[in-house]
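*Asks:* Attaching a single structure in structure tokens format; questions to follow.
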Amino acid sequence: MTFAPANQEFVERFGDQLPPDRFSRADARFLIEQRGLATGQPDSLVARPRSTAEVALIVRQANAANVAVIPYGGGTGLVGGQIRSAGPPSLILSCERMKKISKIKPETRVVTTQSGVVLSDLHAALGQQDMIFPLSLGAQGECQIGGNLATNAGGAQVLKYGNMRDLCLGIEAVLPTGEVFNGLSELRKDNTGYDLRHLLIGAEGTLGIITAATLRIFPKPVQQCTAILNIRDLGDALSILEQARIKLDDRVTAFELINLTGVDLVGKHLPDVRIPIAEKSEWMVLIEVVSLIEGDLDSAFNAFVEAEIESGRITNGTVAQSAKQRDEIWTFRETIPLGNRREGAIASHDISVPLDVVASFIESTSRHFHRQYDVRINCFGHVGDGNLHYNIFPGAGRVASDYRNVKAHISDYVYKAVLDTGGSISAEHGIGRFKKAQLAATADPTKLGVMAAVKKALDPNGIMNPGALIDVPS
Ligand SMILES: Cc1cc2nc3c(=O)[nH]c(=O)nc-3n(C[C@H](O)[C@H](O)[C@H](O)COP(=O)(O)OP(=O)(O)OC[C@H]3O[C@@H](n4cnc5c(N)ncnc54)[C@H](O)[C@@H]3O)c2cc1C
């Protein structure tokens with residue numbers, strides 16, 4: 001597919017319909033993937049509209065002029081969906097000026113927000129009314145609600161609250177033709193046919209620009225217990241989660257797996273971060289439980305921990321005694337990806353496998369890699385959802401580039417092993433441009449056919465984020 005460049009001639013199409021400050025040349029912020037893994041076209045244009053009507057006007061003109069539009073949020077996406085390197089200069093469309101939180105309704109537990117709102121700003125605004133939006137992740141100071149929806153972000157509390165798909169009641173979006181979809185519903189029940197909201201969530205900007213959303217919010221918990229527990233054996237993690245659910249029910253909000261390699265990398269690269277673990281052991285779990293009502297959560301949680309120590313599954317641990325210690329535990333957990341990044345992985349994989357095979361999957365693949373290569377493995381993640389970040393690092397004294405020839409074999413092996421379990425090659429980061437070939441090679445052909453048909457129907461000229469997620473023949 002060939003596109004026209006987003007140049008001065010394109011800007012002139014708007015005449016006096018848009019103030020000139022809506023367009024500027026793209027600077028490095030919009031062109032360089034945060035880890036330096038991709039670079040956008042240097043002459044790209046950035047559009048920064050102030051309203052949905054302006055987004056619609058811009059997209060309508062782009063569609064008419066055959067200019068490729070790249071939706072851009074906070075630029076934190078990990079699969080290159082927000083960076084287009086190929087073709088003539090694109091039009092990068094940023095909603096960063098659309099950051100109004102228009103309605104917070106604690107009584108019906110709904111917030112209406114524009115898509116350019118930064119996730120941590122939404123947290124702060126809701127906090128003033130003792131409410132929370134439960135999506136929380138390491139990039140929350142930069143990522144935007146539009147990007148979170150477009151990637152169907154999950155994070156650490158999916159166990160209790162679900163991912164963006166579960167948290168979103170309604171969406172407003174500008175479709176690739178420039179039409180506005182007014183779907184800002186606050187309804188929990190609405191069975192009126194195809195749900196465009198769910199097409200747009202997780203579409204990674206290939207079906208339109210999300211401009212606003214209505215999201216579910218929750219009362220701020222009044223009690224919280226957080227702990228990092230050393231576990232005897234990886235295989236015990238699932239039993240510990242099961243016991244936590246039996247004894248603490250749906251109050252369990254997070255259940256994270258932590259590996260010693262991740263701890264060591266935080267220690268090595270981020271010496272200022274306090275590591276709140278009792279002792280070094282191969283595997284640890286971070287567990288958090290919350291209560292929305294007054295009561296004795298501490299006693300119930302301590303009883304659970306004591307019973308697990310008695311059973312031998314937990315060998316030691318740190319239970320947060322204050323809000324400060326809880327913050328330290330989460331800061332440490334959220335810093336693990338940065339420690340990994342600074343170390344420099346040979347290959348990283350964001351995968352999910354069925355819960356009951358998590359341990360056998362990690363053990364058998366690790367055995368294979370240690371037998372074949374001189375590597376270190378840090379496997380961690382939201383294990384309560386079966387979501388693992390399976391990162392493979394060079395052996396001591398070596399660097400990632402030493403493994404250039406085997407990198408593809410390593411990833412192929414991981415993905416094949418994942419698919420053999422009935423798992424997913426992308427648990428939470430999406431497909432973007434980096435994982436498109438794997439999706440094309442491994443997805444159900446009927447699914448791929450329907451995706452292509454949907455893309456063609458909504459975006460007949462293929463202008464919306466071309467090259468991301470799926471290639472559709474013209
Ligand atoms: C340190 C770190 C930790 C992370 N932890 C987690 C985690 O625990 N769980 C998890 O699920 N994810 C995690 N992520 C990934 C995270 O979900 C995404 O980076 C984030 O949701 C993307 O938001 P963004 O605004 O930065 O979007 P961008 O990176 O700007 O864009 C991402 C994709 O969304 C599209 N897009 C952006 N805005 C819009 C819009 N308004 N309309 C339509 N399409 C749009 C882009 O075209 C692109 O395809 C993490 C990322 C980092 C860097």
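Readers should treat all values here as calculations from the given coordinates under stated rules, not as data from a laboratory. Just so it is clear, the model here is predicted, and its values are computed rather than measured. All Cβ positions, even for glycine, are placed from backbone atoms using ideal geometry, and neighbour counts span all protein chains on display.
*Asks:* Cα-based Rg of region 91-137 per 2.2 N^0.38 Å, rounded to two decimals?
*Replies:* Expressed relative to 2.2 N^0.38 Å, the Cα Rg reads 1.22.
*Asks:* How big, on average over all directions, is the shadow cast by the Cα convex hull of region 203-322, in nm²? Write down the numbers at each step before the final one.
*Replies:* On the way: hull surface 43.4 nm².
Directional mean of the projected Cα hull area for region 203-322 stands at 10.9 nm².
*Asks:* Add +1 for every Lys or Arg and -1 for every Asp or Glu among the other residues with Cβ under 15 Å from the Cβ of residue 52, and state the total.
*Replies:* With Lys, Arg at +1 and Asp, Glu at -1, the net is +3.
*Asks:* With point charges of +1 on the Cβ of Lys and Arg and -1 on the Cβ of Asp and Glu, referenced to the Cα centre of the chain, which listed residue (59, 5, 174) lies farthest in the positive direction of the dipole?
*Replies:* Looking along the dipole axis, the top candidate is 5.
*Asks:* Add -39500 (n - 2.57) for each DSSP H run of 4 or more in the chain, then divide by its residues: what number comes out at 222 nm, to the nearest 500 deg cm²/dmol?
*Replies:* Per the formula, -10000 deg cm²/dmol.
*Asks:* Once the mean 1/r over all distinct Cα pairs of region 349-407 is inverted, what Kirkwood radius in angstroms do you read off?
*Replies:* About 12.3 Å for region 349-407.
*Asks:* To test your reading of the geometry: what angle, between 0 and 90 degrees and rounded to tens, separates the Cα axis of helix 323-343 from the longest principal axis of the chain?
*Replies:* That works out to roughly 70 degrees.
*Asks:* Say the dipole of region 348-420 comes from +1 at the beta carbon of Lys and Arg and -1 at that of Asp and Glu; which of 384, 395, 415 then lies farthest toward its positive end?
*Replies:* 395
*Asks:* Another question, if that's okay. With every atom except the alpha carbons ignored, what do you get for Rg and Dmax of region 121-234, in angstroms?
*Replies:* Gyration radius and largest Cα-Cα distance of region 121-234: 16.2, 57 Å.
*Asks:* In angstroms, what radius of gyration and Dmax does region 280-332 have, counting Cα atoms only?
*Replies:* Looking at region 280-332, its Cα Rg and Dmax stand at 12.3, 36 Å.
*Asks:* Moving on. Relative contact order, percent, of the chain when contacts are C-alpha pairs under 8 Å separated by at least 6 residues?
*Replies:* Rounded, it is 16 percent for the chain.
*Asks:* Bin width 5 Å, alpha-carbon pairs only: give the P(r) of region 265-355 as whole percents, running from 0 to the bin holding the largest distance.
*Replies:* 2, 10, 17, 20, 18, 16, 11, 5, 1, 0
*Asks:* As an exercise, find the ratio Rg/Rh for region 333-474 from alpha-carbon atoms, using the Kirkwood inverse-distance average for Rh.
*Replies:* My calculation puts Rg/Rh at 1.02.
*Asks:* Okay, moving on. In the chain, what is the volume of the convex hull around the alpha carbon atoms, normalised per residue and reported in Å³? Write out the running numbers ahead of the final one.
*Replies:* Values: hull volume 72.0 nm³, N = 474.
Here the figure is 152 Å³ per residue.
*Asks:* Now for a separate question. For region 11-116, what is the convex hull volume of its Cα atoms per residue in Å³?
*Replies:* Taking only Cα atoms, region 11-116 has a hull volume of 119 Å³ per residue.
*Asks:* Suppose a student asked you for the relative contact order of region 63-173, using Cα pairs under 8 Å spaced at least 6 residues apart; what percent would you report?
*Replies:* Once divided by the residue count of region 63-173, the mean separation gives 22 percent.
*Asks:* Provide Rg and Dmax in Å for region 106-165, with only Cα atoms included in the calculation.
*Replies:* My reading of the Cα-based Rg and Dmax gives 10.9, 29 Å.
*Asks:* Quick one: the Cα spread of region 40-95 along its three principal axes, in angstroms, biggest first?
*Replies:* Principal extents (largest minus smallest coordinate, Cα): 29, 23, 16 Å.
*Asks:* Quick one: dipole size for the chain, taken about the Cα centre, charges +1 on Lys/Arg Cβ and -1 on Asp/Glu Cβ, in debye to the nearest 20.
*Replies:* 1000 debye
*Asks:* Still on this structure, I have one more. Using the 2.2 N^0.38 Å rule of thumb for compact globular proteins, work out how region 394-474 stacks up: its C-alpha Rg over that value, please. Display every interim value, and only then the final one.
*Replies:* Values: Rg = 16.1 Å, N = 81, 2.2 N^0.38 = 11.7 Å.
Its radius of gyration relative to the 2.2 N^0.38 Å reference: 1.38.
*Asks:* Let me ask another. Find how many whole Å separate the alpha carbon centroid of region 1-67 from the alpha carbon centroid of region 369-385.
*Replies:* Distance between centres, Cα-based: 41 Å.
*Asks:* Compare the peptides 386-393, 16-23 by average per-residue count of other Cβ atoms within 10 angstrom and give them in order, highest first.
*Replies:* Ranking, from highest mean packing down: 386-393, 16-23.
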